[in-house]
Structures are given as C-alpha cells and as structure tokens.
Amino acid sequence: APTTSPTLFRSGQRTTERFGMTPLLPIAIAFLSHTIPTTTRTAVTSQTARCMSSSSATMDPKYSSLPKLQTPTGEPLPPSSLPSHLSGKRIALYFSAGWCPMCTSFEPSLLAFREAVNSPASNAKNDIELIYVPSDRSEEEILKRTAAMKMLSVPLADGEADRVKARYKIWSGSECGKLGTGRRSGVPALVVLDGQKNGEEMAFLAAESKGAKALEDWDLEGGAGVW
C-alpha cells in the first residue's frame with residue numbers, strides 16, 4: 001500500500017508536512033528582518049553584547065579580595081551579590097569562636113556597638129558589617145552563632161577560614177598546632193578592611209588584649225574605608 005504522509009493538526013490547520021508548504025519560521029524571520037529598522041536591530045544587538053560583556057567583566061578588586069562568604073544561615077553568597085550586600089558600608093572581619101570565654105564575653109559589647117552605629121538615630125553615615133571568621137570546630141557551631149548574631153561568615157570548607165587566619169596572622173591558641181606560632185593575635189580580634197584601597201587592612205582592633213575598648217580604635221568619621 002502507498003505510504004501516506006503523516007498529518008498533524010494544530011488549531012484546525014494541517015501542517016506544512018502534509019502539503020509541502022514552505023516552513024513559516026524562515027518566512028517570519030525574513031519578514032521581521034526587513035520590517036524592523038536597521039537601527040533598532042543594531043540597538044538590540046548592542047544591548048545584548050553589553051549585557052554579555054557586563055556579566056563576564058572582571059569584578060571590582062575590592063570584592064575580589066574577599067574570601068568566600070556565606071549567609072548567616074549557611075547559604076553560599078555569590079560574588080555577584082557582594083556589592084548589593086556590602087556597598088556603602090564599613091566592613092570588618094571578626095575572628096572568634098563559641099568555645100572561647102573571652103569571645104563570648106566580648107560579643108555583647110560588639111553587638112551593642114553594631115546596633116548603635118547602624119541605628120537610624122546614629123550620627124554615623126555608614127552602617128557596619130561584621131564578617132565572622134570562625135575558630136569553631138564544626139559548621140553546625142558556626143551557623144548557630146552566625147544566625148544568632150546575624151553575621152555573614154567565612155566557611156570552614158576547603159580551608160577557606162584557615163587561609164584568612166593565615167593571611168591576617170590571627171588564630172586561636174588551640175590552632176597553633178596546624179597554623180603555627182607566628183600569629184600577632186589570638187581571638188577575639190577584628191580587622192577593618194578598606195573599601196577604597198581594594199580591601200586592604202585599614203585597622204587592627206585588638207579585642208583579645210583590650211576588650212570592648214578596642215572598638216574605640218575603629219574610625220567611623222568621614223568616608224575613609226567605606227565600601
């Protein structure tokens with residue numbers, strides 16, 4: 001028996017496969033190419049190119065200087081979202097651990113300081129953001145603390161937190177076995193980062209030796225250091 005061409009029905013219309021009609025898609029494309037002004041097509045193409053270029057552009061060096069970060073509840077923070085989280089703020093790394101009595105006794109003062117600075121009634125023009133660099137022994141301990149203190153954190157995974165400690169030479173005494181004895185401070189401690197100098201260290205706040213008085217060394221005047 002002769003083979004019958006397959007027939008498909010869509011919206012009451014037989015497809016071009018049945019009747020050998022010219023496919024409609026190339027016709028539509030050709031029609032649009034002739035009816036849309038060249039200037040419009042060029043603008044659309046240029047806009048697409050700009051979007052692609054923007055997405056692949058090199059990140060601002062100050063954000064690239066930061067370690068991997070996660071939210072207070074442990075979700076990874078994509079590098080592309082850092083400007084929306086940090087722009088216009090003063091930023092400090094907070095080196096600490098939940099098992100450290102000096103840290104936990106210092107933290108009420110630290111959190112009160114942050115609350116006072118970030119309050120709408122404050123004279124400070126820029127909020128502060130604290131990034132937790134943990135000496136805790138598990139990710140669960142870290143997330144329990146960061147959720148309570150509402151801080152971003154550097155993850156333990158892949159040695160990320162250890163690299164930050166080694167970079168700034170700040171780690172707990174219990175970590176000397178793996179990180180060495182060449183530290184400048186134990187925990188707690190803070191390092192203020194300069195957003196106008198590609199994230200370089202701007203100030204070291206020696207909370208281990210000075211306690212809450214160390215916060216007085218954080219210069220909140222003017223625009224210096226703002227991200």
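Residue under question is Gly173, and the condition is that it be among the small types (Gly, Ala, Ser), closer than 15 Å to Trp99 by Cα and surrounded by 15 or more Cβ atoms within 10 Å (Cβ to Cβ); does it hold? I'd like the intermediate steps shown before the answer.
Working: among the small types (Gly, Ala, Ser): yes; closer than 15 Å to Trp99 by Cα: yes; surrounded by 15 or more Cβ atoms within 10 Å (Cβ to Cβ): no.
Here the answer is no, as Gly173 does not meet what is asked.
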In the stretch 109-132, how many are of a type in the set (A, V, I, L, M), farther than 14 Å from Leu220 by Cα, open to solvent by less than 60 Å² (accessible area, probe 1.4 Å) and outside any strand (DSSP E or B)? 3
Quick one: is Arg145 modelled with pLDDT of 95 or more, crowded, with 19+ Cβ neighbours inside 10 Å and not in a loop (DSSP other than H, G, I, E, B)? yes
Sole miss for Arg137 among (1) open to solvent by 50 Å² or more (accessible area, probe 1.4 Å); (2) part of a helix (DSSP H, G or I) is condition (2)
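Given Phe95, Phe106, Phe113, which one is under 16 Å from Leu205 (Cβ atoms) and touching a Lys or Arg at 6+ places or on another chain (Cβ under 9 Å)?
On the way: Phe106 fails: touching a Lys or Arg at 6+ places or on another chain (Cβ under 9 Å); Phe113 fails: touching a Lys or Arg at 6+ places or on another chain (Cβ under 9 Å).
One residue alone meets the criteria, Phe95.
With respect to Pro61, determine if the residue is over 19 Å from Ala189 (Cβ atoms) and either more than 12 Å from the chain's Cα centre (by Cα) or not hydroxyl-bearing (Ser, Thr, Tyr) (or both).
Numbers: over 19 Å from Ala189 (Cβ atoms): yes; either more than 12 Å from the chain's Cα centre (by Cα) or not hydroxyl-bearing (Ser, Thr, Tyr) (or both): yes.
Answer is yes for this residue.
Restricting attention to the stretch 188-209, report how many residues are part of a loop (DSSP other than H, G, I, E, B) and under 22 Å from the mean Cα position of the chain (by Cα). Working first, answer last.
First pass over the stretch 188-209, keeping only residues part of a loop (DSSP other than H, G, I, E, B): 188, 195-199, 206.
If we keep only those that are under 22 Å from the mean Cα position of the chain (by Cα) too, we end up with 195-199.
Within the stretch 188-209, residues that are part of a loop (DSSP other than H, G, I, E, B) and under 22 Å from the mean Cα position of the chain (by Cα) number 5.
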Please pick out the residue among Arg183, Arg163 that is in contact with a helix residue (DSSP H, G or I) (Cβ under 9 Å, 6 or more places away or on another chain) and either in a helix (DSSP H, G or I) or open to solvent by 30 Å² or more (accessible area, probe 1.4 Å) (or both). Arg183
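The values are calculated or read from the model by the stated rules, or taken from the named source; none is laboratory data. Please read these numbers as outputs of a predicted model, since none were measured by experiment. When we count neighbours, we look across all protein chains shown, and the Cβ atoms used for this are built from the backbone with ideal geometry, even at glycine. Ligands, DNA and RNA are excluded from the accessible area calculation, which covers all protein heavy atoms including side chains. Shrake-Rupley method; radii C 1.70, N 1.55, O 1.52, S 1.80 Å.
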